[in-house]
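Report on one structure; see the data block that follows.
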Amino acid sequence: MPVKDTIVALATPPGRSGIGVIRLSGSRSLEISRHLIQDENFVPAPNRATLKKLSDPITGEILDYALLTYFKSPHSFTGEDIVELSCHGSPVLLRHLIDLLLSLDARLAGPGEFTLRALANGRLNLSQAEAIRDLINAQTQAAVKQATRQLGGELSALLQPLKDLLLDIIVPLESSLEFVEDDLPDIVVSQFQAKLSTLINHIEQIASTFTTGRLIRDGLKVTLMGRPNVGKSSVFNRLLGVDRAIVTSAPGTTRDSLSEAINIQGAPVFLTDTAGLRISADLIENLGVERTRRAVADSDLIIVVLDGSEPRNLQDYEVFNEVAHNNYLIAVNKSDLETFKEIELEQKSKETIPIINISAKTGEGFDSLRDAILEPFATSEVSNSGLLITDARHFDLLRRTQSALRSSADLLEERASEELVLIGLYDALRFLGEITGETTTEDILSQIFATFCIGK
Amino acid sequence: MSFDEGFDVIVIGAGHAGCEAASASARLGAKTALITINLDTIGQMSCNPAIGGIAKGHLVREIDALGGIMGRIIDRTGIQFRLLNQSRGPAVQSPRAQADRAAYRIEMRRTLEATDNLHLRQGQVVDLIVKKERVRGVEMQDGRRLFAKAVVVATGTFLNGLIHTGRRTYQAGRAGEPASVEFAEGLKRLGFPVGRLKTGTPPRLDGRTINWEIFEPQPADERPTPFSFATDKIDQPQINCFIGYTTEAVHKAILSNISESPLYSGKIKGIGPRYCPSIEDKVVKFADKNRHQLFLEPEGYYTNEVYLNGFSTSLPPDLQQKLVRMIPGLEQVNIIRPGYAIEYDYIDPRELTPYLETIRLKGLFFAGQINGTTGYEEAGCQGLMAGINAALQVQERDGLRLRREESYIGVLIDDLIKHGVDEPYRIFTSRAEFRLALRHDNADARLSPYGRNIGLLGDSEWERFNQRRDRLAHLKNILESTRLKRSHPAYLPTVQTLGTDLGSSITLAQLALRPKASLGLIQQLLLKEASAEISVTDLESVLADLLYSGYIDAQRANYERLYNHDGLRIPRDFSFRSVNGLATEMVERLERACPESFGQARRIPGLTPTALSTLLIHLTLQ
């Protein structure tokens, strides 16, 4: 991917809107823009918006009036010269403008290419770039909050005291090894074990927020299952009706299943309605079944919808079979009907499966249903919680840190020689450093000399 | 240009770096001159009369494994051998020995004089002769001009050396020896970036005036561990050293006179090492300690002189005398040489290639304290590498460069040329990422093949190496194939000792890894199985290999995962300047260090994570 050309892209999401922002980044941004505004001598002051007339460079036809903002390298998002054109939000117009810019020798940006350039030009570090990605993808308020926090370096701040604690353990152990001839205080193993325990627990706490964190960022995937005519679509629609997310339908919508993003108390939930599970000789129907099975496999939670006004039949049991290995709850629909009967689970089912009586028609029971859906989100105040780990990379590093610390703890228990105990501790330091920045040997030595009087 | 004499290689300075350089160069077949201000101080130990210590001992064994001489010299002249960290794992054990200072010097000179191709010359070098960015020779104070194709500068603390005692300051390279001023200025004129460092030394005492009873003896090891792989046994008689302590009264006295200390009065500009602080430093920085440890180190069999380790100082001599007499056991002591601090020039080692050649001038090599290191061992290994590379260059052969992963020498040189120094650089085991793999007892396995390859290891040494390697392999085999079965008479007692069941059968190798499985236990079990005599040293080495191999493999895997971009090559002609978004400072650091791979770049200090990300992206976008 050559880095030298000037790229262009629509910066606002596609669709009809009041404003559409076209962004150019690269050394020729200004030059190219000049053709569009038909002013060869245009020298804008950086960071100011100027109203400009956009015309077709060949025909002279006036296309739009736009606010042009120029960001001069290196003080721009990508570090290159950037020109942003805030135009009217007509998709047709925007498309045309971009085509024109392409004809003027800009190149259409690949996905994430602006961020890549920002990274390449040192305007962002990796963590911040990840945070931006998350910010853009954020489905709900809570997720937006999370992403903003990471951008601000909160994760590093949270981990710093842990790093210090780790150094507290490393420094005396290393000193006792390296400066064996010096008059240093004795190593009291139990003290170190205690410190190590504390450290492992703290990291566990932070790492465990990942489950919730990931859910906040990626959303809980909930799938509705049930035989035909139990009222799945009604349940689906009612769940949708009150809560709507920022973004509309997720990709991958097929004839056989429907997905929508909703927001429950700040937590993003992807709700998927599925086709029935009919095993049939028809190939097409079976394809639908395949898709359903896949949706089930991907799900965090299945809602098995039953018709409470009728007794169970074979198809209901087929559904139960299908979800036996999943996390599921049972929604018994049509509680408004007279023939509605509460169900009793067979003994072989686990006690812990929630059963909720609902009526898609009247809305009865839907509050309980929403609560039950949210249950996997460990905290009760999802949108106000403290920093959560949302990034799989961070989670992975924290898990590795824990594992390294545990192996050191084991060796310490066995009274193994210090250089063995230190291996895991140094590994942990490196893993944490991947998130917060590295601690070098010099840093450790500095701390040793500041702590202990060495000098033979 | 006319010259009085011509050589292939000239080594300036006969300290620990210079002697190694000259010996190696000559033995590689290069006609070598060793120039020293004073022939009588060849191999002089300026400070502590001891070789080795944690990590330093590793360096000496590596020097020996490669074919250097330090190990042999100390083996012949050491008077108190101790293996440090015996209670800990083998990777952090390191040999140390006090030397008979005079004997060390004599033995060093004797060894050099017996070396073919090596020519000793007394005199002071005042300038380098340079033409067309190549060094051509040296100019002496007395007018002589000596020609050389390569020059190794190993001038120690002599460059613009300035001694401080109390309020007095005078130029000297070492107590009683002149400083090298003109030469220092000559190097500055050539454009080398010069800095100032300092080091210090304690007073020497008259042993007859010490009340030895008060002090706690520290005996030598019963079984001294030699440094050289060529030494089977240490025969010479071993002595004790002694441990004592300062008192609060001493500390108080020092503090009330602190203005007399050149360091605290601001007279000394150079930076000293944090891990060898003067007694003034100790008392000021660790005011809550009510006593500091001291070691009395006799300097030889035939002298009364005793080195007072732990009391480095530049306070005025009369004050020193008063202070030491406040130490319990030293109430009557006479100081025969006062302690002092010495400031000296050093040259930023980032000026060097990994072969210790200067980037600025071809054929010019720097080794030892001039590069900002401290310690005889640190100097010695640099001298060895510089001498080797100077000779190899003259012979138009490829130079020798050691990697961090395989030697402490590699770690040291890499740290110097990549980081530069902020204070005198001393080697520590923690500087090596793979210290588990770098044991003192496997230095030969790691480095002797290199020594043989370049021709520094003779036939008998190589034969000895091969025999050892074979013995170890054979022993490892036995351990891995011999099983202790339940039916064996030794099984039950072994289980009792270890306190745990061992299954129906277990190899001796697996057994050795169990906690509480001692060397003695393995030895006993082996004796019943193997017929040949097994040396304890061999067994220790093999057990150490077994102990660490799992950890070493896991570590390497970890490294690869964490640093999986490390292998990404940086093309020779890669222009750091052209990388958009790299701050000027980052570009400078990269250009200096000239990394060949991303892994090397990552280790350049001062390179921010942002700069590294930027570089990485550009490399991957290539």
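The values are calculated or read from the model by the stated rules, or taken from the named source; none is laboratory data. Since this is a predicted model, take the numbers as computed values, not measurements. Cβ sites come from the backbone with ideal geometry, for glycine too, and all protein chains shown count toward neighbours. Surface accessibility is based on the protein's heavy atoms, side chains included, excluding ligands, DNA and RNA. Shrake-Rupley method; radii C 1.70, N 1.55, O 1.52, S 1.80 Å.
When 1/r is averaged over all different Cα pairs and the result inverted, which Kirkwood radius in Å belongs to the range B:166-216?
Mean inverse Cα-Cα distance, inverted, gives 15.0 Å.
Considering only protein heavy atoms and a probe of 1.4 Å, how much of the accessible area of chain B is carbon and sulfur, as a whole percent?
Using a 1.4 Å probe with all protein chains present, chain B comes out at 48 percent carbon and sulfur.
Above 14 angstrom, tally the Cα pairs of the range B:92-167 and express them as a % of all pairs, no decimals.
Counting every Cα pair in the range B:92-167, those more than 14 Å apart make up 77 percent.
Let me know the shape class of the range B:1-46, please: from the alpha-carbon gyration tensor, a ≥ b ≥ c as square roots of the eigenvalues, rounded when a/c is under 1.5, otherwise prolate if a/b is greater than b/c, or oblate.
Oblate shape, in that a/c is at least 1.5 and b/c is the bigger or equal ratio.
With a sphere of radius 11 Å drawn around the Cβ of B:Ser505, what net charge do the other residues whose Cβ falls strictly inside it have (Lys, Arg +1; Asp, Glu -1)?
Here the charged neighbours net out to +3.
Past the 17 angstrom mark, what percentage of all C-alpha to C-alpha distances in the range B:230-301 do you count?
59
For n ≥ 4 DSSP H runs only, could you compute -39500 (n - 2.57) per run for the protein assembly as shown, divide by its residues and tell me the 222 nm figure to the nearest 500?
-12500 deg cm²/dmol
Go through B:Arg291, B:Arg431 and list them by solvent-accessible area, largest first, probe radius 1.4 Å.
B:Arg291, B:Arg431
With r as the distance between the Cβ atoms of A:Glu375 and A:Arg312 and R0 = 22 Å, compute the FRET efficiency 1/(1 + (r/R0)^6) and round to 0.05.
Between A:Arg312 and A:Glu375 the formula returns 0.35.
Sort B:Arg82, B:Arg471 by heavy-atom solvent-accessible area, probe 1.4 angstrom, most to least.
Highest to lowest solvent-accessible surface, that is B:Arg471, B:Arg82.
With a sphere of radius 11 Å drawn around the Cβ of B:Val60, what net charge do the other residues whose Cβ falls strictly inside it have (Lys, Arg +1; Asp, Glu -1)?
Every neighbour counted, the sum reads -2.
Could you work out the relative contact order of the range B:167-319, using alpha carbon pairs under 8 angstrom and six or more residues apart, expressed as a whole percent?
Relative contact order for the range B:167-319 comes out at 32 percent.
Could you pull out every residue, at least 5 positions away or on a different chain, whose amide H is within less than 5 Å of the one on B:Gly166? Hs are placed 1.01 Å off N in the peptide plane, and Pro or chain starts have none.
B:Leu315
Find, among the GluC sites (Glu not before Pro) in the range A:56-125, those assigned to loop by DSSP (not H, G, I, E, B) with at most 11 other beta-carbon atoms within 10 angstrom.
A:Glu61
Using protein heavy atoms only (no ligands, DNA or RNA), what is the total accessible area buried between A and B, 1.4 Å probe, nearest 100 Å²?
Using a 1.4 Å probe on protein heavy atoms, the buried area is about 4300 Å².
Could you order A:His88, B:His419, B:His251 by accessible surface area, starting with the largest, using a probe radius of 1.4 Å?
Per-residue accessible area, sorted high to low, gives A:His88, B:His419, B:His251.
Given an 8 Å cut-off on Cα distances and at least 6 residues of separation, report the relative contact order of chain B as a percent.
Relative contact order of chain B: 17 percent.
I need the shape label for the range A:1-116. Rule: rounded when a/c is under 1.5, else prolate if a/b > b/c, else oblate, with a, b, c from the alpha carbon gyration tensor.
In terms of gyration-tensor shape, rounded.
Taking θ = phi - 60°, what integer Hz values does the Karplus form 6.51 cos²θ - 1.76 cosθ + 1.60 yield along the range B:463-471, in sequence order, with x for Gly and Pro?
4, 4, 4, 4, 4, 5, 4, 5, 4
List the pair-distance distribution P(r) of the range B:40-111, using every Cα-Cα distance, as the percent of pairs falling in each 5 Å bin from 0 up to the bin containing the longest distance, rounded to whole percents.
4, 18, 26, 25, 16, 7, 3, 1, 0
Working from the pairwise distances between different alpha carbons, so that the mean of 1/r is found and then inverted, what is chain B's Kirkwood radius in Å?
The answer is 26.2 Å.
Note down the net charge around B:Leu162, summing +1 for each Lys or Arg and -1 for each Asp or Glu among other residues with Cβ under 10 Å from its Cβ.
Net charge in that neighbourhood comes out at +2.
How big is the shadow of the Cα convex hull of the range B:423-524, averaged over all directions, in nm²?
10.1
Using a 1.4 Å probe and ignoring any ligands, DNA or RNA, find the accessible area of A:Asp410 and quote it in Å² to the nearest 10.
Result for A:Asp410: roughly 100 Å² accessible.
Would you mind working out the accessible area per residue for chain B, using a 1.4 Å probe, and quoting it in Å²?
Ligands and nucleic acids excluded, the result is 40 Å² per residue.
Find the percent of Cα-Cα distances in the range B:165-302 that exceed 18 Å, and round it to a whole number.
It works out to 72 percent of all Cα pairs.
With only Lys, Arg, Asp and Glu charged, each at its Cβ (+1 for the first two, -1 for the last two), find how big the charge dipole of chain B is about the Cα centre; round to the nearest 20 debye.
860
So if we plug the beta-carbon distance of A:Leu67 and B:Arg577 into 1/(1 + (r/R0)^6) with R0 = 25 Å, what FRET efficiency do we get, rounded to 0.05?
Efficiency computed from Cβ-Cβ geometry: 0.10.
Of the DSSP beta bridges with both residues in the protein assembly as shown, give the percent that are antiparallel, rounding to the nearest 5.
65
Residue separation times 0.36 nm, minus the C-alpha to C-alpha distance between B:Asp501 and B:Ser87: what's the value?
The B:Asp501-B:Ser87 span can extend by a further 146.5 nm.
Please list, in order along the range B:342-353, the HN-Hα scalar couplings obtained from phi with the Karplus expression 6.51 cos²θ - 1.76 cosθ + 1.60 (θ = phi - 60°), rounded to whole Hz, x for Gly and Pro.
With the stated coefficients, the range B:342-353 comes to 10, 9, 7, 7, 9, 10, 3, x, 6, 6, 9, 7 Hz.
Mind running the shape call on the protein assembly as shown? Use the C-alpha gyration tensor, a ≥ b ≥ c as the square roots of the eigenvalues: rounded below 1.5 for a/c, prolate if a/b tops b/c, oblate otherwise.
prolate
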